[in-house]
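The values are calculated or read from the model by the stated rules, or taken from the named source; none is laboratory data. Note that the structure is a prediction, hence the values are computed from the model and not measured. Virtual Cβ from ideal backbone geometry, glycine too; neighbours counted across all protein chains shown. Note: accessible area is taken over every heavy atom of the protein model, side chains too, but ligands, DNA and RNA are not part of it. Shrake-Rupley method; radii C 1.70, N 1.55, O 1.52, S 1.80 Å.
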Amino acid sequence: QSALTQPRSVSGSPGQSVTISCTGTSSDVGGYIFVSWYQQHPGKAPRLMIYDVSQRPSGVPDRFSGSKFGNTASLTISGLQAEDEADYYCCSYAGTNLPYVFGTGTEVIVL
Amino acid sequence: EVQLVQSGAEVKNPGESLKISCKGSGYTFDNYWLGWVRQMPGEGLEWMAIISPSGSDNRYSPSSRGQVTISVDRSISTAYLQWTSLKASDTAIYYCVRRLAKTGAPIDYWGQGTLVTVSS
């Protein structure tokens with residue numbers, strides 16, 4: 001099982017929107033609604049930002065939104081803020097014996 | 001408050017054995033599986049293994065199966081990850097993670113991480 005494919009980095013100015021893609025196959029991203037996104041600041045543990053493609057856990061700002069079309073999921077950060085600069089990882093369910101496949105990770109740079 | 005508190009950093013020689021731990025608190029232990037995610041230096045996240053609260057069921061990633069053993073002690077709400085013979089390539093931060101006992105549930109909480117360094 002290969003890692004899901006994400007761009008290495010995306011950048012935007014404060015207030016702008018950025019979108020991170022996460023491409024898999026029909027065996028993972030395309031086959032289930034169980035896609036999640038994690039934010040990781042340097043030296044810190046990851047934090048759940050989105051689950052089930054587009055659901056936000058309590059406490060996550062509504063600037064963060066998720067979607068999916070076919071085998072590609074996306075995370076959009078609207079109204080970019082300095083504290084959003086971090087690494088972001090997508091994650092998909094790929095069946096009972098492979099519940100978690102992570103993406104390659106994307107660095108979000110706030111210019 | 002949900003907490004996953006992991007054991008401290010380890011420095012080991014190649015070939016040595018190791019067992020790291022993760023104690024869950026602040027939630028109903030029986031409702032959640034515990035697992036482990038690896039992050040090698042400067043690299044991304046890699047799911048390794050997960051175990052049911054009773055220990056009766058577990059899952060391993062293809063790359064982790066046969067390399068590590070996951071276990072749980074329900075009486076003290078603690079999960080473990082064990083190696084019998086460490087390699088330099090096992091050097092990484094290992095995160096303990098939690099997920100609801102439901103198909104497709106996301107990893108919703110992470111421990112603070114345990115740095116394992118394997119070097120001669």
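Tabulated data for the structure shown
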item	result
More than 23 angstrom apart: percent of Cα pairs within the protein assembly as shown	47 percent
Whole-number percent relative contact order across segment A:9-110, with pairs defined as alpha carbons under 8 Å at least 6 apart	36 percent
Selected from A:105, A:77, A:57, residue furthest toward positive end of dipole (chain A; charges at beta carbon)	A:57
About the Cα centre, charge dipole magnitude for the protein assembly as shown (Lys/Arg +1, Asp/Glu -1 at Cβ), debye	340 debye
Net lengthening on full extension, residue B:102/residue B:117 (0.36 nm per residue, minus Cα-Cα)	2.0 nm
Residue among B:113, B:47, A:21 farthest towards the positive dipole end of the protein assembly as shown, charges placed on Cβ	B:47
Pairs of Cα atoms farther than 20 Å apart, segment A:9-110, %	33 percent
Exposed trypsin sites (Lys or Arg not before Pro) absent: longest stretch of chain B, with sites in DSSP loops and at most 13 other Cβ within 10 Å deemed exposed	B:1-86
Cα-Cα pairs of chain B separated by more than 20 Å (percent)	37 percent
Accessible area (Å², 1.4 Å probe, nearest 10) - residue B:85	60 Å²
Net charge over other residues, Cβ less than 14 angstrom from the Cβ of residue B:30 (K, R count +1; D, E count -1)	+2
Computed over segment B:1-60: relative contact order in percent, which uses C-alpha pairs under 8 Å that are six or more apart	26 percent
